[in-house]
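What follows is one structure encoded as C-alpha cells, with my remarks underneath.
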Amino acid sequence: MDFTKATYYQEKFSRHSIIKENIQSIFFEECEFINCNYIDCKFDNCRFLNCTFNECDLSNMTPMNCQFREIKFIKSKAIGIDWTKAEKIKELSFTECLINYSNFRLLKVPETKIIKCEAKEIDFIETDMNSGNFTDTDFENSVFFKTNLTKADFRGATNYSVDINTCNLKEAKFSLPEALSLLSNLDIIIE
C-alpha cells in the first residue's frame, strides 16, 4: 500500500509496509506509525512534524531533502541512515532502538535523545549534540571527534570513545567505571 495523499494529519498507520520505493513530497503531521516497514525506501522532499515511529523498521531509509521536527522512534530499527541527506532536523528522540551504522557528521542536532539504544559504528564527527541525552546506550566503535557534547548526559552509556582533546565536554555527565575510557586517548599509564 502506497501513500495516496500529499498530506496526512493525525493519522495512524499500522502494519504498513513499503520496501525499496521512492516516496515524494508528502507532509506527515502528528502521525503515528506502528509496526511499519519502510526498508530501503527513499523519502524525497517529505516533512515529518511531531510524528512517532513505534516498533518500525526504517533500515537504510534515505531522508533526501526531508525535514524532521519533534520525531520519536521507540523500539524501532533505524539502521544505516545517512541523516546528513536531510534538509532539516530538530528534536530527534530514539528510545530502545537499533541505530547502528548511521551518519550524523557535521549536523547541528542539539538536544537529541539516544536512550537505551544500540548505536554502534555511528559517525558523530563535528556534530553539534549540545545537551543530548545518551543514557544507557551502547556506542561501540562510534566516532566522537570535534563533537560538541556540552551538557551531554552519558550516564550509564557504554563503549564510547570520546576524543577529549577535540570534543567540547563542558558540563557533560559521565558515570564510573565507563568514564575511565575518556583517558584512553592520553599517553598515560593507569595502574
Practice task
Might you let me know whether the range 98-106 holds any residue that is out of contact with any Pro (no Cβ under 7 Å at 6 or more places or on another chain), at pLDDT 95 or above, under 24 Å from D57 (Cα atoms) and among the aliphatic types (A, V, I, L, M)?
Solution key: yes
Handout entry: Residue list for the range 36-54, restricted to those being surrounded by 16 or more Cβ atoms within 10 Å (Cβ to Cβ) and assigned to a loop (DSSP other than H, G, I, E, B)
Key = C36, Y38, I39, C41, C46, C51
Problem - Hits in the range 13-28 (condition: of a type outside the set (A, V, I, L, M), surrounded by 16 or more Cβ atoms within 10 Å (Cβ to Cβ) and assigned to a strand (DSSP E or B)) - result: F13, F27, F28
Problem - Tally, over the range 125-163, of residues that are of a type in the set (K, R), closer than 18 Å to E91 by Cα and in contact with a strand residue (DSSP E or B) (Cβ under 7 Å, 6 or more places away or on another chain) - result: 0
Problem - Extreme residue, surrounded by the fewest Cβ atoms within 10 Å (Cβ to Cβ), among residues of the range 114-126 that are within 12 Å of the chain's Cα centre (by Cα) and under 14 Å from W83 (Cβ atoms) - result: D123
Practice task
Pull up the range 75-110, narrow it to residues that are within 17 Å of E121 (Cβ to Cβ) and assigned to a helix (DSSP H, G or I), then point me to the one that is nearest to the chain's Cα centre (by Cα).
Solution key: W83
Practice task
Would you confirm whether any residue within the range 167-178 is on the phi < 0 side of the Ramachandran plot, among the basic types (K, R) and not in a strand (DSSP E or B)?
Solution key: yes
Problem - Filter pass, T135 being assigned to a loop (DSSP other than H, G, I, E, B) and either in contact with a Gly (Cβ under 9 Å, 6 or more places away or on another chain) or of a type in the set (F, W, Y) (or both) - result: yes
Handout entry: Residue within the range 102-111 that is in contact (Cβ under 8 Å) with a residue 24 or more places away in the chain and more than 19 Å from A157 (Cβ to Cβ) present
Key = yes
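The values are calculated or read from the model by the stated rules, or taken from the named source; none is laboratory data. Bear in mind that the values here come from a model prediction, so they are computed numbers and not experimental data. Note: ideal-geometry Cβ built from the backbone for every residue, glycine included; neighbour counts use all protein chains shown.
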